Amino acid sequence: MTYEILESNNSIILDANSLTRRFGGLVAVNNVSFTVNKHEIFGLIGPNGAGKTTLFNLITGLIPPSSGQLRYKDKEISQLRPHQIAGLGIARTFQNIRLFGELSALENVIIARHLHTHSNMLTGVLGVPPAPQEESKSKQKALELLELVGLDKRAEEKAKNFAYGDQRRLEIARALALEPQILLLDEPAAGMNPSEKQLLSEFIRSLRDRFNLTIILIEHHVPLVMGLCDRIAVLDFGQLIALGEPTVVRNNPAVIEAYLGND
């Protein structure tokens, strides 16, 4: 699969400004501001209930902010719907895997290609251009992505029959099918042993370089985050308590007290 590789730089691709999300009397994300640079691997850590997944949901449009702004490449996106944000180039995986269990691995990835097709129901039913060409192209790209994550030999198997780790990889392939510029990974190392986590770290870095991605990840395994990420943001009770390079964050007294004290 070939993608256009752009020259990497440190320009801002995502800008969160005073993001706040309330659920009744609960403030899940409280006045959080940060920027993410192009081609960066940006980590998001904090205790359970700190607001990390809520922040992912804000970025991807699953919920709107109660206040604040979110800009992607200088475009305000905080009030857009999820499919609109995905169409702009932001894709994600989920903490709780959300695959179509009764569909094959190949079908799961092909489904994500619909944002890059132009045929409609009528051309699809009649089998007239551009439907056949787009179907063939989508299948080829899906197979290439399955090969990338090591699942091409199981393309026709139902997703529900895959082991947990393989489902994680399939979900990453499906997210990549959207051809994103920002990829959000929600606890990608969950359930993995130390050797699998090391391989995952290398794989994430290779994805960033191969597709010129910006990657934002939530992860509880601190050694993985510290060794992989260019910068890290730390949330606690919905508030941003630290932001910076791994060595700076690791030695921050507030982070040690809130999150790293027992590591």
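The values are calculated or read from the model by the stated rules, or taken from the named source; none is laboratory data. The shown structure was predicted, so the numbers you read here are calculated from the model rather than taken from an experiment. In this analysis, Cβ positions are derived from the backbone assuming ideal geometry, glycine residues included, and neighbour counts consider all displayed protein chains.
Within region 212-228, identify whether any single residue is of a type outside the set (Val, Ile, Thr), in contact with a Cys (Cβ under 9 Å, 6 or more places away or on another chain) and in contact (Cβ under 8 Å) with a residue 24 or more places away in the chain, and answer yes or no. Explain how you work it out, then say what you get.
Going through region 212-228, the residues of a type outside the set (Val, Ile, Thr) turn out to be 212-213, 217, 219-221, 223-224, 226-228.
Then drop every residue that is not in contact with a Cys (Cβ under 9 Å, 6 or more places away or on another chain), which leaves 217, 219.
Checking the rest, the ones that are also in contact (Cβ under 8 Å) with a residue 24 or more places away in the chain come to 217, 219.
Checked region 212-228: at least one residue is of a type outside the set (Val, Ile, Thr), in contact with a Cys (Cβ under 9 Å, 6 or more places away or on another chain) and in contact (Cβ under 8 Å) with a residue 24 or more places away in the chain.
Tell me whether region 140-162 contains one or more residues that are in a helix (DSSP H, G or I), at pLDDT below 90, more than 20 Å from Phe211 (Cα to Cα) and of a type outside the set (Asp, Glu). No: region 140-162 contains no residue that is in a helix (DSSP H, G or I), at pLDDT below 90, more than 20 Å from Phe211 (Cα to Cα) and of a type outside the set (Asp, Glu). Applying the condition of being in a helix (DSSP H, G or I) and in contact with a Phe, Trp or Tyr (Cβ under 9 Å, 6 or more places away or on another chain) to region 8-62 and asking which residue is surrounded by the fewest Cβ atoms within 10 Å (Cβ to Cβ) yields Thr53.
Hey, could you check region 63-99 for residues that are more than 24 Å from Gln239 (Cα to Cα) and touching an Asp or Glu at 6+ places or on another chain (Cβ under 7 Å) and say which is surrounded by the fewest Cβ atoms within 10 Å (Cβ to Cβ)? Top of the filtered list is Ile97.
None of Leu228, Leu178, Leu243 is closer than 19 Å to Ile59 by Cα, in contact with a strand residue (DSSP E or B) (Cβ under 9 Å, 6 or more places away or on another chain) and modelled with pLDDT of 95 or more except Leu243. Within region 3-23, the residues that satisfy the criterion of being touching a strand residue (DSSP E or B) at 6+ places or on another chain (Cβ under 9 Å) and either under 19 Å from Thr60 (Cβ atoms) or at pLDDT 90 or above (or both) are Ser11, Ile12, Ile13, Leu14, Asp15, Ala16, Asn17, Ser18, Leu19, Thr20, Arg21, Arg22.
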